[in-house]
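Heads up: the structure comes next, in structure tokens.
Every number here is computed from the coordinates shown, using simple stated rules; none is lab data. Because the structure is a prediction, the values reported are computed rather than measured. So basically every Cβ, Gly included, is an ideal-geometry build from the backbone, and we count neighbours across all protein chains shown.
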Amino acid sequence: MTKRNEEDLVQYILKMSEDIYNALSPGVPTEWLSSDLTVAQLRILLVLQSRGPTRMSDMASTLSVTLPSATGIVENLVKKGLVKRETDPTDRRLVICKMSPAGQESINRLWSSGQFQMERLLEGLSLEQLRKAADVTDMLFNNVSEKEEEVATDETLA
């Protein structure tokens, strides 16, 4: 590979990522096809997975939906036993949503299908290649962590 500028390298990595994904031919995992979750419900679960217990108003804001829409989606998840609603002990008007153990299990099943694809990607690499992949993984994680710290610092100063 010839020496490329930064933009060309980013585009090359994105293209290779797409080619790798296509070569894996992952299809749609059966866990996803057998789920009775709507996209909106899945989005709620993903927010709760990444943020932990979340106020209903923050949930609506994060998903760019109205409070009544978020409330309706969460209500269906509560009926399915995937989410729990609680009132904030300091202000009973505030509703806090959190993942139930069954909701966590559902998200974990979806996550594990992605993990399986990653295992397929790494299968057959030599020890030296795995070490290089681990180094790249560390670089990517450190880069993301630094950006998260910058965002948190900017939000604190604002």
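A cut-off of 5 Å between modelled amide H atoms, ignoring neighbours fewer than 5 places along the same chain, links Arg55 with Cys97.
What residue among Glu146, Glu128, Glu119 shows peak mean-square fluctuation when the chain is described by a Gaussian network model with Cα springs under 10 Å? Among Glu146, Glu128, Glu119, the largest GNM mean-square fluctuation belongs to Glu146. Given +1 at the Cβ of Lys and Arg, -1 at the Cβ of Asp and Glu and no other charges, the dipole of the chain around its Cα centre is 740 debye to the nearest 20. Using θ = phi - 60° in the Karplus curve 6.51 cos²θ - 1.76 cosθ + 1.60, the 3J(HN,Hα) couplings for region 69-74 round to 5, 4, 4, x, 5, 5 Hz; x is entered for Gly and Pro.
For the chain, the equivalent ellipsoid derived from the alpha-carbon gyration tensor has semi-axes of 36, 23, 15 Å in decreasing order. Across region 50-67, rounded Karplus estimates of 3J(HN,Hα) from the backbone phi angles (6.51 cos²θ - 1.76 cosθ + 1.60, θ = phi - 60°) give 7, 10, x, x, 9, 5, 4, 5, 5, 4, 4, 5, 4, 8, 6, 10, 6, 4 Hz, Gly and Pro being marked x.
Between Thr66, Thr137, Thr87, the residue with the greatest mean-square fluctuation in the GNM of the chain (Cα pairs under 10 Å linked by springs) is Thr137. In the elastic network of the chain, a GNM with C-alpha springs shorter than 10 Å, the most mobile of Ala102, Ala134, Ala70 is Ala134. Think of region 6-123 as having a plus end and a minus end, set by charges on the Cβ of Lys, Arg, Asp and Glu; of Ser17, Val83, Thr62, Val83 sits farthest toward the positive end of this dipole.
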